[in-house]
1. Say whether the condition of being at pLDDT below 90 and either open to solvent by 10 Å² or more (accessible area, probe 1.4 Å) or over 14 Å from Asp124 (Cβ atoms) (or both) is met by at least one residue in the stretch 176-189.
2. Looking for whichever is crowded, with 17+ Cβ neighbours inside 10 Å and more than 27 Å from the chain's Cα centre (by Cα) here; the options are Ala168, Ala143. Which one fits?
3. Restricting to the stretch 422-450, and then to whatever is more than 19 Å from the chain's Cα centre (by Cα) and of a type in the set (S, T, N, Q), can you tell me which residue is farthest from Tyr403 (Cα to Cα)?
4. Do we find that Thr337 is away from ligand 5 (no atom under 16 Å from the Cβ) and over 25 Å from Ser390 (Cα atoms) in this structure?
5. I'd like the full set of residues that are open to solvent by 20 Å² or more (accessible area, probe 1.4 Å) and either within 17 Å of the chain's Cα centre (by Cα) or closer than 13 Å to Gln265 by Cβ (or both), limited to the stretch 290-299.
6. So which of Gly198, Gly206 ends up being part of a loop (DSSP other than H, G, I, E, B), more than 9 Å from ligand 5 (Cβ to nearest atom), on the phi < 0 side of the Ramachandran plot and touching a Ser or Thr at 6+ places or on another chain (Cβ under 6 Å)?
7. Of the residues Tyr404, Tyr396, Tyr345, Tyr324, which single one is modelled with pLDDT under 95 and under 24 Å from Asp453 (Cβ atoms)?
8. So Gln265 passes all but one of these: (1) within 12 Å of ligand 2 (Cβ to nearest atom); (2) modelled with pLDDT under 90; (3) open to solvent by 20 Å² or more (accessible area, probe 1.4 Å). Which condition number does it fail?
Amino acid sequence: MMPRLVVLLLGCCLAAVGSMAAEPIETQEQIWTFMKKYGYITEENMVNGMPKDEETKTKSITYFQKMGNMTMTGTLDEESMELMNTPRCGMKDMESFADMMRRKRYALGPRWRQTDLTWNILEDSDDLPRAQVESIMARAFKAWSDVSTLTFSKVTTNEPDIKIIFAAGEHGDGIEARFDGGGGVLAHAYFPTSNSIGGDAHFDEGERFTEGTSTGINLFQVAAHEFGHSLGLRHSDIEDALMFPYYRGYVPNFQLHRDDIAGIQAHYGEGNGQPEEPDTPSTPLDNCMPQISLATRTEDGSAYFANETHVFRRTSNNIIPAGYPKRIGDEFPGLPTNLDAAIFYSPYTYFFKGSQYWRFQNQEMAGTYPRPMSDWRGVPTDVDSAFVWSRNGGIYFTKGNQYYRYTGRENSFYPQPLSHFRGLPSDGVDAAFQYSNSITYFFKGSDYYRFNDSTVMVDNGYPLNTAIQWLGCDPNELLGPPADTGGDATVMVPSMVAVLFSALSAIYYAF
Ligand SMILES: *[C@@H]1O[C@H](CO)[C@@H](O)[C@H](O)[C@H]1NC(C)=O
Ligand SMILES: *[C@@H]1O[C@H](CO)[C@@H](O)[C@H](O)[C@H]1NC(C)=O
Ligand SMILES: *[C@@H]1O[C@H](CO)[C@@H](O)[C@H](O)[C@H]1NC(C)=O
Ligand SMILES: [Zn+2]
Ligand SMILES: [Zn+2]
C-alpha cells in the first residue's frame with residue numbers, strides 16, 4: 001500500500017508543476033521492455049517478454065554495458081540499473097548484435113541527398129518563449145553546419161525538411177513512440193527518408209527544458225543530439241560524444257567531439273567551401289608522380305597519394321607542403337615500400353601489403369604492426385585498393401576485376417564483379433579513396449574516376465589526369481603542349497535507355 005501512495009503523491013505534485021515523471025525501471029518486465037526498445041534484444045529472442053535463454057540474456061546485458069562504457073559483467077549490477085534510469089534519447093542504440101561488434105565510434109544511418117536543409121518549429125514548447133527556442137535550435141544546427149558542407153535555413157512553411165515539435169504522451173507517430181513524462185525519454189528524431197516524417201525531431205513536453213543552467217534539461221544539447229539523427233547519425237558508444245545515447249547533464253560551452261565530427265563528415269564532407277578537387281598547378285615536373293598505387297587520408301585531414309616508394313601529401317586546406325613527395329618510411333615510420341592499398345577509417349589509417357597490414361593514427365603507428373590480413377575476415381591478401389564507400393559507409397576492397405565488402409566475418413556473397421561499379425576499368429583499379437568531400441574516387445594508371453553514388457556509375461567527363469588534378473602538376477609540362485584538351489572532349493550523353501537501365505540495376509545489385 002505504502003509505495004502506491006508515494007507514487008500517487010509524487011504524481012500529484014509533479015502534475016502540479018506541469019508534468020508526470022517517467023516510471024523508474026525496476027522490474028524484470030520493465031528492464032526487458034527497455035532492452036527491446038533500444039535494440040539489445042529482438043522479439044525472436046524473447047519468450048513472454050523475457051530473454052529466451054541465459055546466453056541471450058547475458059549477451060544483451062553485455063552489449064548494453066558495452067554501449068554504456070561500463071564493466072561488461074553480463075549481469076545487471078547497480079551501475080547498469082543506474083544507467084538504465086538515466087534520462088536519454090528515445091532512439092535505438094543498436095540494430096543487431098553484429099552492429100555492436102563494430103569498434104568504438106560513431107555509426108551511420110541514411111543521409112540526405114541535398115546539403116541545404118530547411119527547418120521550422122510546428123508545435124511550441126511550454127517551457128521557453130518561442131524566440132528563445134528558435135535561437136537555441138539555430139545554434140544546435142550550427143554545431144553541425146560549422147563542421148560540414150551542410151547549411152540550414154529556418155522557414156515558415158509547414159513542410160520543411162526538419163519539422164520540430166514539442167509534444168507529450170502519444171503524439172501521432174505510434175504508441176511505441178509515445179513520450180513518458182519527466183526523465184526517461186527526452187526526445188527522438190527520424191533519420192532522413194523521402195517520407196514526410198524523415199528528419200523530424202520530437203521533444204518530450206514532459207521535460208523541463210532550460211538554457212544555461214544545470215537545473216532541468218539543457219535544450220541545446222538535446223536538440224543538437226536529435227539533429228544528429230535528423231542528419232543520419234546513429235548512437236555512438238563514446239561517452240563524451242554528443243551522439244552518446246544518455247543525457248550527461250548540462251555542459252557549459254558545449255562542443256562536438258571529434259567522433260561526432262568524423263561521423264557527419266563521413267556523410268557530408270568537410271565543408272569550408274573548399275574546391276572539390278585541386279587545380280592549382282604548383283608542383284615541379286620532377287616531383288610529379290605520374291602514377292599512384294595508393295590514395296588515402298589521415299585523421300588530421302590530409303590526403304595522401306603514394307607510388308611504390310614515395311608519398312605525396314595534401315593538407316586539409318588544399319596545400320601541398322614543401323618537402324613532398326617524401327619516402328614512405330620518412331612520412332610513416334615503420335611502413336615498408338610497395339604497399340598495395342590503404343584505407344582511412346576514422347581515426348585510423350590502415351595500410352595493406354601482401355598478407356600483412358599496419359595501423360596508423362596520422363603519421364604514427366598505432367599499436368604493434370604488421371599484423372596478418374586474417375584479422376580482416378573475408379578479405380583476401382594482395383588487395384589492389386580499399387575504400388569506405390560514400391554511398392553506404394561500407395568497407396570495400398578490390399582485387400583484379402572483383403570486389404569484397406568487409407563484414408567482420410566470412411561472407412560467401414563476395415567477391416562480386418567490380419563491373420557493378422559501372423564505368424571503372426574492366427581489369428581493376430590501382431587505388432581508391434573517399435575524399436573529404438565524401439565522394440569516392442578510383443585511380444588507374446595515370447587517370448582517376450569520380451564515382452556518382454546516385455547513378456551508381458562513374459560521372460561523365462571522367463577519367464581525368466591524376467597528377468594534374470590531385471598533385472598540382474602543370475599540364476603543359478606533364479603532357480607537352482595541348483593538342484586537344486583530352487578528357488573534356490569525350491563527354492558522352494547517356495541515352496534514355498541507359499539511364500533507365502542504370503537506375504534499375506542500381507536497385508538490384510546488393511553491393
Ligand atoms: C570509458 O570510461 C572511462 C573511465 O571513465 C574513460 O576513461 C574512457 O574514455 C571511456 N571510454 C569511452 C569510449 O567513452
Ligand atoms: C615515385 O615517385 C617518386 C617521386 O615523385 C619518383 O622519383 C619515383 O620515380 C616514382 N617511382 C616510380 C616507380 O614511378
Ligand atoms: C550524379 O549524377 C546526377 C544525375 O546525373 C547528377 O545530378 C549529380 O550532380 C551527380 N553527382 C555528382 C556529385 O556529380
Ligand atoms: Zn539519440
Ligand atoms: Zn515522436
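The values are calculated or read from the model by the stated rules, or taken from the named source; none is laboratory data. Given the structure is predicted, the values throughout are model-derived calculations rather than measurements. Neighbour counts are summed over all protein chains in view; Cβ atoms, including those assigned to glycine, are modelled from backbone coordinates with ideal geometry. Keep in mind that these areas ignore ligands, DNA and RNA; they rest on the heavy atoms of the full protein, side chains included. Shrake-Rupley method; radii C 1.70, N 1.55, O 1.52, S 1.80 Å.
1. Among the residues of the stretch 176-189, at least one is at pLDDT below 90 and either open to solvent by 10 Å² or more (accessible area, probe 1.4 Å) or over 14 Å from Asp124 (Cβ atoms) (or both), which makes the answer yes.
2. Testing whether each residue is crowded, with 17+ Cβ neighbours inside 10 Å and more than 27 Å from the chain's Cα centre (by Cα) leaves just Ala168.
3. My answer is Ser446.
4. yes
5. Scanning the stretch 290-299 gives Arg297, Glu299.
6. Criteria check complete, one pass: Gly206.
7. Tyr345
8. Among (1) within 12 Å of ligand 2 (Cβ to nearest atom); (2) modelled with pLDDT under 90; (3) open to solvent by 20 Å² or more (accessible area, probe 1.4 Å), Gln265 violates only (1).
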